[in-house]
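To start, the structure itself, in structure tokens.
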Amino acid sequence: MLGPVDLLLGGVIPGIVALLIRATLHRIGWTQAAWPLAIASGVVVGQASLAAVPTVAEAGGLTAAVSAYFAALPEAFAAFVQPRQASHWLAAGTVVAAAATLLLARRHRVARRAGALLGLALAFTLPTRLLWGSVYFLSEWSREEAILRVALMACGLVALGWLALPRVEPDDSPTSLGPPTTPRSLIGPVLMAVVALGVSVLLATSGSLSYAQHGGVMLAAIVGATLGAMGQISYRSLGEHAGHGGLVVVTWLSGLAMLGAFYAEITPLNVVLAVVGLGAAIAAGGTRHTTWRRVAVCSVVCVAAVGFAITSSGLEFSRAIAQPTDNPYLNWQPPSDTGVE
């Protein structure tokens, strides 16, 4: 089970990284890049830190643990360049999503088109890469069935990505100052944190603690990025529209949902509910012109969908625990998500 080292490396560190990056970018005026870069950096560092947990846990003393942590990071980051597991592809997908967000937040038509193409490519590539080399592609699905399933997952990602598109409005000005962080501006990030927590619980109760930790990394990054802008003056324009880091969150959490559905035991219904909750969270954030009615409806839908999914998964997990033969953690091993080339 999880211990203090897991919480430190998979929770505290990614949260601090996201907080520092967002606060720094806000102070130097790079509000357009603040959210996506803060969240992307937090989750990538968090995923690398999780790989260092076994080494750090075996170290004796604080100095040895710190040395072991930094010694393990190069190999952990190298795994993102040459992935050995399907989950390693999440880091690359997150970086691409952050780049697409920055391009889509620009006023220049060419940049926005490039960002849209990059996002579309990511939507179709991510499901393929996560499942490549798995039993599904190798033997269980026919070629036509694999194409159809990947296309359906890609369409879902495109729909969520469309909701998360940075909106550039006519009255926006890169130099116009807006008010400090307000309760309305916090609704989107808070709901996204709820979805991240929900996905983590779904994964944990479906037999995959390692994937659940990846969900916790996103939760920590969202919280850290949100705290990094608290009380600071923000630029009203692109800071709001690129702000939620929606494409980054969609990429990470959707990827985890796919991994949980195919490599763990998340039911299709709970995957759909998690996706609905994520879409509602993104829609609730909106812009400064979003009505309170829309915010309220989306908030209710998000909390209800995630809450129902958690309850359903929790009840099923409780029944499984009561039957030793069905206990997903009785002989727990890391998931075999060997989706590599």
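The values are calculated or read from the model by the stated rules, or taken from the named source; none is laboratory data. Not measured: the values here are computed from a predicted model. Heads up, the Cβs are rebuilt from the backbone with ideal geometry, glycines too, and the neighbour counts pull from every protein chain shown.
So which residues in the stretch 101-157 are β-branched (V, I, T) and either surrounded by 15 or more Cβ atoms within 10 Å (Cβ to Cβ) or at positive phi (or both), if there are any at all?
T101, T125, T128, V150 - these are the residues of the stretch 101-157 that are β-branched (V, I, T) and either surrounded by 15 or more Cβ atoms within 10 Å (Cβ to Cβ) or at positive phi (or both).
With respect to R84, is the statement that it is part of a helix (DSSP H, G or I) and among the basic types (K, R) true?
no
Of A164, A212, which residue is surrounded by 14 or more Cβ atoms within 10 Å (Cβ to Cβ) and modelled with pLDDT of 90 or more?
That would be A212, the only listed residue that is surrounded by 14 or more Cβ atoms within 10 Å (Cβ to Cβ) and modelled with pLDDT of 90 or more.
Being part of a loop (DSSP other than H, G, I, E, B), among the charged types (D, E, K, R) and either within 24 Å of A18 (Cα to Cα) or without any contact (Cβ under 8 Å) to a residue 12 or more places away in the chain (or both), is that true of even one residue in the stretch 98-112?
yes
Which condition number in (1) modelled with pLDDT of 85 or more; (2) farther than 17 Å from M218 by Cα is the one that R106 fails?
(1)
Does any residue of the stretch 40-63 turn out to be out of contact with any Cys (no Cβ under 9 Å at 6 or more places or on another chain), modelled with pLDDT of 90 or more, surrounded by fewer than 20 Cβ atoms within 10 Å (Cβ to Cβ) and of a type outside the set (S, T, N, Q)?
No, the stretch 40-63 contains no residue that is out of contact with any Cys (no Cβ under 9 Å at 6 or more places or on another chain), modelled with pLDDT of 90 or more, surrounded by fewer than 20 Cβ atoms within 10 Å (Cβ to Cβ) and of a type outside the set (S, T, N, Q).
For the stretch 58-68, state whether one or more residues are touching a Pro at 6+ places or on another chain (Cβ under 9 Å) and part of a helix (DSSP H, G or I).
no
Run L90 past the list (1) of a type in the set (A, V, I, L, M, F, W, C); (2) more than 22 Å from G245 (Cβ to Cβ); (3) modelled with pLDDT of 85 or more and report the number of the one that doesn't hold.
Only one criterion in (1) of a type in the set (A, V, I, L, M, F, W, C); (2) more than 22 Å from G245 (Cβ to Cβ); (3) modelled with pLDDT of 85 or more is unmet by L90, namely (2).
Determine, yes or no, whether T325 is under 30 Å from R106 (Cβ atoms) and modelled with pLDDT under 85.
Here the answer is no, as T325 does not meet what is asked.
What number of residues within the stretch 1-13 satisfy the criterion of being part of a helix (DSSP H, G or I) and out of contact with any Ser or Thr (no Cβ under 7 Å at 6 or more places or on another chain)?
Within the stretch 1-13, residues that are part of a helix (DSSP H, G or I) and out of contact with any Ser or Thr (no Cβ under 7 Å at 6 or more places or on another chain) number 7.
State whether the residues of the stretch 42-57 include one that is farther than 30 Å from L25 by Cβ, out of contact with any strand residue (DSSP E or B) (no Cβ under 9 Å at 6 or more places or on another chain) and of a type in the set (A, V, I, L, M, F, W, C).
Yes, the stretch 42-57 contains a residue that is farther than 30 Å from L25 by Cβ, out of contact with any strand residue (DSSP E or B) (no Cβ under 9 Å at 6 or more places or on another chain) and of a type in the set (A, V, I, L, M, F, W, C).
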